[in-house]
Amino acid sequence: MEEVLTNPKLGYYINRDVFGADGDFITSPEVSQMFGEMIGVWAMCLWEQMGRPSKVNLVELGPGRGTLLADFLRGVSKFKNFTDSLHIHMVECSPTLQKLQYRNLKCVTEDSADGNEKKGINSTITVSPVSWHASLEQVPTGLPTIIVAHEFFDALPLHQFQKASRGWCEKMVDVTENSSFRFVLSPQPTPATLYLMKRCKWADSEEIFKLDHIEVCPKAMDLTQEISKRIGIDGGGALIIDYGLNGVVSNSLQAIRKHKFVDILDNPGSADLSAYVDFAAIRHSAEEVSGVSVHGPMTQSQFLGSLGINFRVEALLENCTEEQAESIRTGYWRLVGEGEAPFWEGPDNQTPIGMGTRYMAMAIVMCLLCSVVFPCHVLIINEMLISICEEENVKNIIVRIKNKK
Ligand code: SAH
């Protein structure tokens, strides 16, 4: 799965823009600007709760086109104390997407003041420094950190186990005599079996007993611990939003090409592979690290609702044409309505299906901070809502509608 998605030459994400109507699938930030704006509200509440530190690392894992962060920054741009503190770090494996992110964050490259070789890159939306990294490990430590991972965990490689007469066996990919792929069961325990054992210890025996497949994602478990350790030491919090379950995931691995499910082994590298995120495993992995507390998961609909998306949508609707209003309302319902995941949009699927219940949000925050998933700074939120419905943002909606056409 890792090779198929991120191989530096042929990986699915490496050479193409996969998002939107012309791509393979669509994500919440691409559905509506309100998504990134609400994440901005969440992050600013967290910054407030941290005591308004003067420098903060803002890290996005897997930023796609960079749309979420562009909307986030535009939304908070009026709050100078917050934006002045931001050092933005994009964790992205795809050079093609890095270029798109550079463009969407309206970045400029400047020679450094001391004349040394290293050039500085700044997003002109908020005049914040931006840098790119291949992994979280490469992001400098030592500053309070806000991490956002939207639809990142679902792309991490998972291992599937199947119940057989000899016990749980890992499903492996084999090459047949005529050079096609097929699934086989491992003859003996594999390294991922250790993670299966760990995962099963966290579950009820009844929950495991009724399953004949189990998925475990060692990378997700390890990454959660890396995030938690960083937050426990440097302070701050992480927000993970993805589609998934709050329990053991059985058999969810899927391939999507041009908004349609296809066979997982069909032409690997030409379709997106993703799987449901096991939020319970993320919670248990984080709870093994001292100094952090975990909040959620809650549904995307509850999460966006508690951040005030209803007020935001009304503010936008007051300042737009009938045509824009239609798009704003549709975007809103896609974000908070009910439905299956991943979000499905294609020529033969005219009815929009919501992302409000299958997508879930979870926060891992430094212990001293209270639950920022339920923000208590209503005042800031109101102030922010007023700020983000200014003319600049209305123009942004118009551009988004035009691009969609
Ligand atoms: N967050 C975006 C994109 C989600 S798609 C959105 O919601 O629209 C997954 C993103 O993670 C892509 O940008 C992909 O290139 C990146 N990605 C996937 N696996 C990665 C890895 N192992 N390391 C770094 N980036 C990765």
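A compact table of results
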| item | result |
| --- | --- |
| Segment 47-110: C-alpha gyration tensor shape, a/c 1.5 cut-off, then a/b vs b/c | prolate |
| For segment 5-48, fraction of C-alpha pairs farther apart than 17 Å, in % | 54 |
| Area of M44 that stays accessible when all protein chains are in place (1.4 Å probe, Å², to 10) | 10 |
| GNM result for the chain, Cα springs below 10 Å: residue of L69, L86, L265 fluctuating most strongly | L265 |
| Carbon/sulfur fraction of accessible area - segment 129-245, other protein chains in place, 1.4 Å, % | 56 |
| Length added when fully stretched, H213-E338, from 0.36 nm per residue minus Cα-Cα | 42.4 nm |
| Computed accessible area, S252, all protein chains, 1.4 angstrom probe, square angstrom | 20 |
| Inter-part distance where segment 299-325 and segment 25-103 are each reduced to a Cα centre, Å | 19 |
| Additional length obtainable on full extension of the chain from E2 to M197, 0.36 nm per residue less Cα span | 68.0 nm |
| Cα pair distances exceeding 26 angstrom across the chain, given as percent | 54 |
| Calculated FRET efficiency for the pair N246/Q162, C-beta based, R₀ 30 Å, to 0.05 | 0.85 |
| Percentage relative contact order, the chain, counting C-alpha pairs under 8 Å, at least six apart | 19 |
| Pairs of Cα atoms farther than 20 Å apart, segment 200-330, % | 63 |
| Spatially proximal aspartates and glutamates relative to K119 (Cα-Cα < 20 Å; intrachain offsets below 8 disregarded) | D84, E92, E110, D111 |
| When each of K78/K260; K55/K201; K163/K258; K9/K163; K55/K106 is checked by Cα-Cα distance, pairs over 31 Å | K78/K260; K55/K201; K163/K258; K9/K163 |
| Probe 1.4 Å, protein heavy atoms only - accessible area per residue of the chain in square angstrom | 45 |
| Simple label model, 7 Å out from Cα along Cβ direction - K78 to E326, nm | 3.0 |
| Per-pair calculated FRET efficiency, R0 = 51 Å: S205 and S131 via Cβ, rounded to 0.05 | 0.65 |
| Ranking by accessible area, most exposed first, for F311, F181 with a 1.4 Å probe | F311, F181 |
| Listed residue (M197, V127, G356) projecting farthest to the positive dipole end of the chain, Cβ model | V127 |
| Length-normalised contact order of segment 197-263 in % [C-alpha pairs under 8 Å, at least 6 apart] | 38 |
| Mean ellipticity per residue at 222 nm, deg cm²/dmol - from DSSP H runs of n ≥ 4 across the chain, formula -39500 (n - 2.57) | -11000 deg cm²/dmol |
| Relative contact order for segment 121-181, counting Cα pairs under 8 Å that sit 6 or more residues apart, in percent | 13 |
| ³J(HN,Hα) computed for each position of segment 4-18 - Karplus, 6.51 cos²θ - 1.76 cosθ + 1.60, integer Hz, glycine/proline x | 4, 8, 10, 3, x, 9, 10, x, 3, 7, 5, 10, 9, 9, 9 |
| Candidates S28, S285, S179, ranked by Gaussian network fluctuation over the chain, Cα under 10 Å, top entry | S179 |
| Rounded D (µm²/s) - segment 204-277, Kirkwood Rh over Cα pairs, Stokes-Einstein at 20 °C, 1.002 mPa s | 144 |
| Global geometry of segment 152-251, whether rounded, prolate or oblate, following the gyration tensor of its Cα atoms and the 1.5 cut on a/c | prolate |
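The values are calculated or read from the model by the stated rules, or taken from the named source; none is laboratory data. Since we're looking at a predicted model, the values are computed, not measured. Virtual Cβ from ideal backbone geometry, glycine too; neighbours counted across all protein chains shown. In case anyone asks, the SASA skips ligands and DNA or RNA and just uses the protein heavy atoms, side chains included. Shrake-Rupley method; radii C 1.70, N 1.55, O 1.52, S 1.80 Å.
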